[in-house]
Structure formats: structure tokens, C-alpha cells
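**Student:** Below: one structure in C-alpha cells.
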Amino acid sequence: MSGLEKITDNASVSVIKFLQANVPKSDLVNIEKELKKDFLLAKKKSKGQKVKKKRKKSRILTRKEKKALGFYAIPRDSVKYSEVVPLNQIWSDYISQMLELEKLGPVGTNKNWEQFTQTIYKADFHGSMMQVVRSKCPSYVGKKGICIMDTKNTFKIVSIDNLVTTIPKKDSVFELYVKDIKICVFGKHLCVRPAERSTKKVKSYLHPDL
Amino acid sequence: MKKVQGNDSFQRINYLYQISKHMAGINPVLSAYYGNLIVNVAKKNVLKIHPDIKRQICKKCRTMLVDKTSGKMKMRNRNKSKHIEWTCNTCGVKRNFPANKGKDHRVWLERPEAVEEVIN
Ligand SMILES: [Zn+2]
């Protein structure tokens, strides 16, 4: 778009003709000159500024990089059952310390029963041995294994035959095994992201409907 | 036992730290997931992660760093000052900790005068 270029294309010619017809006679001389002015924001100016700013080296993994490392997909046969058994051992120590199981009396008689249930819902479920007792989808019923991942709506468990299964929480009832105690947990109430669950307030009375 | 604010979260962080460390050599993906969870739990509850734990988490991918399995530890000299260099095997990020002979590099929490009260 150099200033010396002769105006040739159809549209420009018609614009000039229009201007020549409508502009006062004293300005007629200036029409061609004014049209050939360069504007600051036009293409020409920005071309020179296109030198890219050096991006700062990012300190955290981007989503793309995470995907490349395989952080999102856990293949069905990637985790061995024998690898997660130690998790379960550490977990049962952890949960019995959390719930103070030694002091626990029979069901319903303890004064702190309410607090006990609160603690369960605030605890961590990674590494717990769980079984699906009831579910809307019958093929999930009876699945048993060690939980390795806990997302907002699902549990990922590893069963004894080294398979990773994803189970939706919402329509299932789980049973947890802590040493020789069984705890029944409704998955419906656990639909919170694991990091947020400890801060979230749980209603003291939860309807156990399914 | 006296009740401490955020005790259950501290217990949770402790537990997650253990399983993350266990998984470090076996499955880096899960280790990173648990490491990530440690950071998120601490963030949500506004708690500080103890420097001993925090230094073992990779800054970039948050796997637990264990020498010769998920990371490499090396002593290095640069500008007459020694430091320990950790390299993550998963994402390849490097991290330095100063380690000069005559100097005290402990952070505040590791010094004896930082202990206010022992609760048990
Ligand atoms: Zn890393």
C-alpha cells in the first residue's frame, strides 16, 4: 500500500468519483492526496511490531503436557493388585486412627455417633477396600477391590484380577472393610471433589434413599 | 489428645504422602495424582505443607521424588557454592537446594527455636 501506487480497482475509482461529485470545489485538489495517507493502525505498521515476546518458561504442567505424559488415562491393566495392597495396609492404620476405632462402642449407643459419621465423610478413601453392595446398574454389584482414585463422580478400583474399574458413585452403595468392621457408605453423599470434601459441611441427617 | 485445628487434614496429608511415596517407583501417574491432592488439600484448608514433604514433591508434575527411582540427586558446584540438584525423571525439571559447608541452610520450621508446643 505504498503512497505512490496508482488507484486502479473498481471500488476505489467509484469512491473517488463520488467524492469528486459531492465535495466542494475548493477541496477537489486534495482528494487524491488525502486518500493516500497511511494510517497508524493499518497493516503496514503492525508488521514491524510482530517480533514475538519470549514466553516465560512455565512452572506448571500444561494440560497438553500432562496428556502427553499420560496423566489422564489409566489403562485398564496398568495397575497390579499386588502393588496396591500396601496402600490398603497404610489406609487401615490411617482410618482407625482417624475414627478412633478402639474407643468405639456398639452401633448407635455412642454419644459421638454423629461425629463419627462426619469423620467418615471427611476421610480419604484412597487405598480402601470396598465392595459395591447395591447399584442401579446390576453389573456393578459385587465388584470388590482397592480404591486408587477418587473423582467427583466416580471411584476407580483395582480388583484382585488386576483390572481397573470405574464405578459411578451416585447410584451405588459401598461397603468399606476396616480390619474386622464393615462400614456402609452411600455413594450419593460423596459426590464432592476429594480435595474439597474435608472443608465442606455435611448435613447432620442424610436421607439414605436410593 | 488435644484437638488441633486442621488435625484431620494433617493426618490426611500424612497418609497421602505415604502412599504417594510408595507409588513413586511403581506408577508415577498415581504418585503425581496423590501429590497433586496433597497440594490441593493444603490449599483448600489453608494449611502449610511441612518443608520436608514439600521439598520432595516435584514442582512441575508433583510426583514424589525418591532418589534413583523417580528422581536423581546430584551434588553440584556453581560459583563456589555447593548445592544439591534434584532432577525429576517424569518431567525432567531440575530443582536446587543450597548446601554449603559452613552455613546454616535450615528454614525456620526446622530450627529448634521454632518449636512452640508439643502436642500428643
Ligand atoms: Zn516432575
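Since every read-out is calculated from the coordinates, none of them should be taken as a lab result. Nothing here was measured: the structure is a model prediction, and the numbers come from that model. Ideal geometry is used to build each Cβ from the backbone, glycine not excepted, and the neighbour counts take in all protein chains shown.
**Student:** Taking the Cα centre of chain B as the origin and placing charges on Cβ (Lys, Arg +1; Asp, Glu -1), which of B:Q56, B:I84, B:F10 is farthest toward the positive end of the dipole?
**Tutor:** Result: B:I84, furthest along the dipole toward the positive end.
**Student:** I've got another one for you. Mind giving me the FRET efficiency for B:N96 and A:Q89? R0 is 45 Å, r the Cβ-Cβ distance, nearest 0.05 is fine.
**Tutor:** 0.80
**Student:** When a/c is below 1.5 the answer is rounded, else prolate if a/b is larger than b/c, else oblate, so apply that to the stretch B:55-120 with a ≥ b ≥ c taken from the square roots of the Cα gyration tensor eigenvalues.
**Tutor:** Judged from the Cα gyration tensor, the stretch B:55-120 comes out oblate (a/c at least 1.5, b/c at or above a/b).
**Student:** Using 0.36 nm per residue of separation minus the Cα-Cα distance, give me the extension gain between A:N153 and A:V13 in nm, one decimal.
**Tutor:** Taking A:N153 through A:V13 to full extension adds about 43.8 nm, to one decimal.
**Student:** When the dipole is taken about the Cα centre of the stretch B:7-114, and only Lys, Arg (+1) and Asp, Glu (-1) are charged at their Cβ, what size is it in debye, to the nearest 20? Intermediate values should be presented prior to the final figure.
**Tutor:** On the way: 23 positive and 7 negative charges, 118 e Å.
About 560 debye.
**Student:** On to the next question. As an exercise, use a Förster radius of 35 Å and the Cβ-Cβ distance of B:M73 and A:Q97 to find the FRET efficiency, rounded to the nearest 0.05.
**Tutor:** 0.65
**Student:** Taking a label point 7 Å from the Cα of A:Q115 along the Cα→Cβ vector, which residues of the stretch B:1-41 have an amide N closer than 14 Å to it?
**Tutor:** B:1-8
**Student:** Okay, moving on. So, in Å, what gap is there between the alpha-carbon centers of the stretch B:1-77 and the stretch A:150-179?
**Tutor:** 23 Å
**Student:** Across every pair of different alpha-carbon atoms, what Kirkwood hydrodynamic radius in Å does the stretch B:7-114 reach?
**Tutor:** One decimal place: 14.8 Å for the Kirkwood radius.
**Student:** While we're here: Based on the Cβ-Cβ distance of A:Y177 and B:L109, what FRET efficiency does E = 1/(1 + (r/R0)^6) give at R0 = 22 Å, to the nearest 0.05?
**Tutor:** E between A:Y177 and B:L109, to the nearest 0.05, is 0.05.
**Student:** Then there is this: Mind listing the long-range amide H neighbours of A:G127? Cut-off is under 5 Å, sequence gap 5 or more, other chains count too, H placed in the peptide plane at 1.01 Å from N.
**Tutor:** Sorted by chain and number, the residues that satisfy this are A:C147, A:I148.
**Student:** Once you have the Cα-Cα distance between A:T199 and A:K66, take 0.36 nm times their residue separation minus that, and quote the gain in nm to one decimal.
**Tutor:** Length difference between fully extended and current span is 45.1 nm.
**Student:** Hey, could you get me the Stokes-Einstein D for the stretch A:77-197, Kirkwood radius over alpha-carbon pairs, 10 °C and 1.306 mPa s, rounded to whole µm² s⁻¹?
**Tutor:** So the translational diffusion coefficient is about 108 µm²/s.
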